[in-house]
Amino acid sequence: MAGSTALPLQQLIASFDNSCLPKILQVCSGVYFQGSIYELSGSEVSFSTGDLIKVIGIELQSVCCEDLGNNETFELPINHTGLFKVVPDEMPYGTIEELLSLRPVGLESCLPFSFTSSSKISVGDFTLGADRALTVLSIERHEGEEDRVRCHVRGQQESSAEVCIPMSSQGEFRECENEERFTLREIMSSPSLRSRQFRFVNTTKCERALALSPIYQVHAIMSMRKNIFKFPSSLEVDVVDVTEMSNDVNFVTPLSLSEVLSQPKESFPTVVQILEGPETRSLFRCSWLPELSKNSHLVFHKTGTSAMVLLSSLKSRKTQQYFLVSQQYGGRLRRRPREFNSVYELYVASIQAPGLKVGVTRSCEEDEEEGLPALSVGEQLEVVRCETMELPCDSSHGQKQAVEALLCQRLQEPDDDDDDDDDEKEVKQGDEREEIFLPLYMQGHFVEVIADNKKYSLKDLGKQFSLPQDVKVVSRDTELETDPLFGFACLRIEEALLEPTIQASFLHRPDHCFEIPTQWLSMSVSFTQDALPWPSGQPPKCHVDRVTEVTDTFLYEFRKQGNSDAAPPPRPPKRIPSSKKSLKKTSKAGKSKQGPDKSVPTKELANLTLNSKRRPPAPPPPAILDDQPPPLVRRKHASAEGTTGKALPNTYVEREESKKKVKLRAIEADVDSDHDYETVDESFVTVVQKAKENVLYY
């Protein structure tokens, strides 16, 4: 900076044009900070003393107008539609040539204009009087002769003449106020006009003289700043031009990993320096991650897109593990049967694998009301398709409910001990297959039936089978020093994905490479001019780690991105349990006896149903039969108490019929009672008696 003169940034930038760029400027006084990133076209600017700025482009943005009467300033956009006229200078010019030198570059396009001379001008035999207005019409240039200006002179009595005056003529020449009009863009494009003063043609805006100066949007780069940033030339910073002394300065440009991917292939391999280490280390659990620290160096061999799969270990392990594995993994795998804990999981798997066969691993009882069939351990089912089934009629609604269900075929072989010929014929006619419906909301336990003992590569598995798949590594990848996947009893291939990656290595082991998934790791690097850690033209044979262990946080983030729109499993339809149905029937009966104004507590009614585990309390004595003993029907209730805990097969219909066949005397005994448990007890006894008769019959 020795011998250089510091100038305001706006003044120095105004002296540049794009043909003389780039220029390197150094901040030599003060600090400027602009806080809002939106006020500077998306860039936050902070300049400190000593900073180097490399100006690579300027763009005219607006014009600063200074009112010379009160020194106030305001800004106008460059496309402002108002017109301006030149304010004549009060100081006289010594020659006509000096007067013309301050005209715009395209002088002929700005003619005519007028000036006066404070003294007489003699041209040959012709003499021009003082203070007479002379209008310049053209400039005449001839080889070997002095340049002249052809002027029009208006004489007395409206007489006029044209004379040619040498441009070297001396005197005191003053410019007249002309009717020329200029736009802001025209003024800023001419260095001679920029030095003049102007006034608005429309004097209602401002009558005083204005000094106009351009404001540029400066395009520049700085060390440790991303790419090109922009700032206005009106910043109040003093700078000095150090271009000639700073030709060897290297401006470091930080790049994100995604920006590294966009670099041309010719840029690799190269040595990079880590400017900012990974922002988070919670996604990966691998050996190379801790070494990615600030100021350390890496070799970036190449960029590309890698086909990968996401693997997970069994949930039964103490700590479940997850792996991001390249499809170039060299180990061999064998398929394992998948486990399903619901019919909905079966449905999802059957969409991707038609003809899915499973075995039942846990029995479940039939529930006609909920549409759930009975399943036994060992039964085999083949999934056919998804259909709509109707549940039994709900007496509370009086209409059937339609639900989504999985149509399956039983593959269980017929019982060899069955001697019934008719049953054997029916089994044969059905091709030993019975169709059943499994509602999608049904819980169950199934295991996939597979008869495949073939060994596959990871790439072949992805081509031949849909995901997810359960596998076991039966032969390790020999190219890996240690294969972390070998030894697991079962691994699940969760998802397949295409990941943009950078193949990298450390300087001390350039042949041992690993793949950095740029989408999941965020850090800042810069390209250096350092030499590669191998002889020129002799790159090493790279061995790439194909397995990267990830954390459950990675799995969570991955699921959040991929399955944000996935539909949740269906929920069972809202149906009223049998106990609540009995309550509704009882409450209706109570209302018919008591009238609509008398409320009956729900808790008391719940104790009167057959499904209640508590013994109902004794009813109050009838109002009419206060002096009579209780009816003999109570003994039947007492005898039935011992049988309420036994399960009775297929008695649902019989119970409904028995209620209709209750003896009339039992109903008449309870006409005025608020409780109808006598009727319920009578029906229950009838059911028990019929059940005993059926047992004796068989």
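The values are calculated or read from the model by the stated rules, or taken from the named source; none is laboratory data. The shown structure was predicted, so the numbers you read here are calculated from the model rather than taken from an experiment. Neighbour counts are summed over all protein chains in view; Cβ atoms, including those assigned to glycine, are modelled from backbone coordinates with ideal geometry. Heads up: the accessible areas ignore ligands, DNA and RNA and are worked out on the full protein's heavy atoms, side chains in. Shrake-Rupley method; radii C 1.70, N 1.55, O 1.52, S 1.80 Å.
Could you check how much of the accessible area of segment 242-362 is carbon and sulfur, as a whole percent, using a 1.4 Å probe?
Taking all protein chains in place, segment 242-362 shows 45 percent carbon and sulfur surface.
How much accessible area per residue does segment 323-371 have, in Å², with a 1.4 Å probe?
Spelled out: the 1.4 Å probe surface of segment 323-371, per residue, equals 50 Å².
Assuming a ≥ b ≥ c are the square roots of the Cα gyration tensor eigenvalues, decide whether segment 466-555 counts as rounded (a/c under 1.5), prolate (otherwise, with a/b larger than b/c) or oblate.
oblate
With contacts defined as alpha carbon pairs under 8 Å and 6 or more residues apart, what's the relative contact order of segment 293-398 in percent?
16
I'd like the accessible area for residue 142: 1.4 Å probe, protein heavy atoms, all chains in place, Å² to the nearest 10.
Only protein atoms counted, so the area is about 100 Å².
Dipole of segment 182-279, Cα-centred, from +1 at each Lys and Arg C-beta and -1 at each Asp and Glu C-beta, to the nearest 20 debye?
Approximately 740 debye in magnitude.
At R0 = 51 Å, how high is the FRET efficiency between residue 279 and residue 140 if r is their beta carbon distance? Nearest 0.05 is fine.
The value I calculate is 0.10.
Please find the FRET efficiency linking residue 291 to residue 250, where r is the Cβ-Cβ separation and R0 is fixed at 30 Å, and quote it to the nearest 0.05.
Between residue 291 and residue 250 the formula returns 0.70.
Keeping all protein chains in position, work out how much accessible area residue 297 exposes to a 1.4 Å probe, and write it in Å² to the nearest 10.
That residue has around 60 Å² of solvent-accessible surface.
Could you sort 463, 315 by accessible area so the largest value comes first, with the probe set to 1.4 Å?
315, 463
What does the accessible area per residue of segment 483-522 come to in Å², with a 1.4 Å probe and no ligands, DNA or RNA counted?
Per-residue accessible area for segment 483-522 comes out at 37 Å².
Over segment 449-535, what percent of the accessible surface lies on carbon and sulfur atoms, probe 1.4 Å?
50
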